[in-house]
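Nothing in this text is a laboratory measurement; each read-out follows from the coordinates by a stated rule. Fair warning: this is a prediction, and the values are worked out from it, not measured in the lab. Note: ideal-geometry Cβ built from the backbone for every residue, glycine included; neighbour counts use all protein chains shown.
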Amino acid sequence: MKRFSVPLLALLGIFSCAPQSVEQVAVISHRGEHLAHPENTLPAFQTAIDAGADFFELDVRTTSDGRLVLMHDGKVDRTTNGTGQVRAMTFDQIRALDAGVKFGRQFAGTKVPSFDEALHLARGKIGVYVDCKDIAPADLAAALAKADMLNEVVIYGGADFLKHLQALSPTLKVMPEADDAAILGKLLAELKPRVVAFDARDFKDDVIAVARQAGVEIYVDRLGPADNVPGWQDAVGRGAAGIQTDRPAELVQYLRSRRRHK
């Protein structure tokens, strides 16, 4: 029987073709899936879950009677059939509003969700990216503990807010805005976050370098003109561990095609 020797370089080539572990990139659905659903509502969040997103982002505010509701703006005017400041209205007044009718007749009757309802929907299915618009740190910590979601969220807010929150619940994953290289350096020293938020304004090479040197995760907004394949690929190539998008289903599909999402 004739024997064939296998060159060492050929063996190395075989091994180099073996599957390699690829870093996964989290998909963050901005205000839920809000291009085809009313923003910050349960239908928008459910669609983000169905799309395979890793987080849905929501905005939390406090009513005049101390309840936590979801609303991006300080006023209810843009997204509901009502008028007025969220902070000046009771929970019952806000619940009486229609948060879907302006978006389309098929969504008429959609309610402004409470924060508790969104957490209940998310538990065991998806993470929650909490944008703290108008909420006390103690109220946020209490709501997350009650929902057993302390380990399933990232918390975006100002530095002072995040410091107070950490004092109440040290294990929470807080996420400050990068701003610039000097500010980020101070935030890393003071907050010791595991993740930092970037947007189009501060997603710059020198600021990214500070985050990468510190070993923290980078979550970047790719909204507006950057919310497309070139924008997503640029974010991945520059070290993003999470991408916030208005197009969660498309981003999931794109990342899966590159083995960067399950």
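Need a quick list: strands (runs of 3 or more DSSP E) entirely within region 21-102 having at least 2 residues that are in contact with a Lys or Arg (Cβ under 8 Å, 6 or more places away or on another chain). Break it down stepwise before answering.
Details: elements: 26-29, 55-62, 68-70.
Of the strands (runs of 3 or more DSSP E) lying wholly inside region 21-102, those with at least 2 residues that are in contact with a Lys or Arg (Cβ under 8 Å, 6 or more places away or on another chain) span 55-62, 68-70.
Could you list all residues from region 228-241 that are in contact with a helix residue (DSSP H, G or I) (Cβ under 9 Å, 6 or more places away or on another chain) and touching a residue at least 24 places away in the same chain (Cβ under 8 Å)?
Step one: filter region 228-241 for residues in contact with a helix residue (DSSP H, G or I) (Cβ under 9 Å, 6 or more places away or on another chain), giving 228-229, 231-236, 238-240.
Result: Val229, Ala235, Val236, Arg238, Gly239, Ala240.
Yes/no matrix, rows are residues, columns are (1) closer than 24 Å to Lys75 by Cα; (2) among the hydroxyl-bearing types (Ser, Thr, Tyr); (3) out of contact with any Asp or Glu (no Cβ under 7 Å at 6 or more places or on another chain); (4) surrounded by 22 or more Cβ atoms within 10 Å (Cβ to Cβ):
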{"position": "Glu33", "(1), (2), (3), (4)": "yes, no, yes, yes"}
{"position": "Asn40", "(1), (2), (3), (4)": "yes, no, no, yes"}
{"position": "Ala44", "(1), (2), (3), (4)": "yes, no, no, yes"}
{"position": "Ala53", "(1), (2), (3), (4)": "no, no, yes, yes"}
{"position": "Phe56", "(1), (2), (3), (4)": "yes, no, yes, yes"}
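Against the definition (farther than 30 Å from Ile218 by Cβ and touching a residue at least 40 places away in the same chain (Cβ under 8 Å)), how does Phe91 come out, yes or no? Step through it out loud before you land on a result.
Working: farther than 30 Å from Ile218 by Cβ: yes; touching a residue at least 40 places away in the same chain (Cβ under 8 Å): no.
So Phe91 fails the test.
I'd like to know if region 60-80 contains one or more residues that are over 29 Å from Val174 (Cβ atoms), surrounded by fewer than 19 Cβ atoms within 10 Å (Cβ to Cβ) and more than 17 Å from the chain's Cα centre (by Cα). Show your work before the answer.
The initial filter retains those residues of region 60-80 that are over 29 Å from Val174 (Cβ atoms), namely 77, 80.
Then keep just the ones that are surrounded by fewer than 19 Cβ atoms within 10 Å (Cβ to Cβ); that gives 77.
Checking which are more than 17 Å from the chain's Cα centre (by Cα) leaves us with 77.
Yes, some residue in region 60-80 is over 29 Å from Val174 (Cβ atoms), surrounded by fewer than 19 Cβ atoms within 10 Å (Cβ to Cβ) and more than 17 Å from the chain's Cα centre (by Cα).
Could you pull out the residue among Ala138, Ala142, Ala99 that is closer than 25 Å to Gln166 by Cα, touching a residue at least 24 places away in the same chain (Cβ under 8 Å) and small (Gly, Ala, Ser)? Spell out how you get there, then give the answer.
Details: Ala142 fails: touching a residue at least 24 places away in the same chain (Cβ under 8 Å); Ala99 fails: closer than 25 Å to Gln166 by Cα.
From the options Ala138, Ala142, Ala99, the qualifying one is Ala138.
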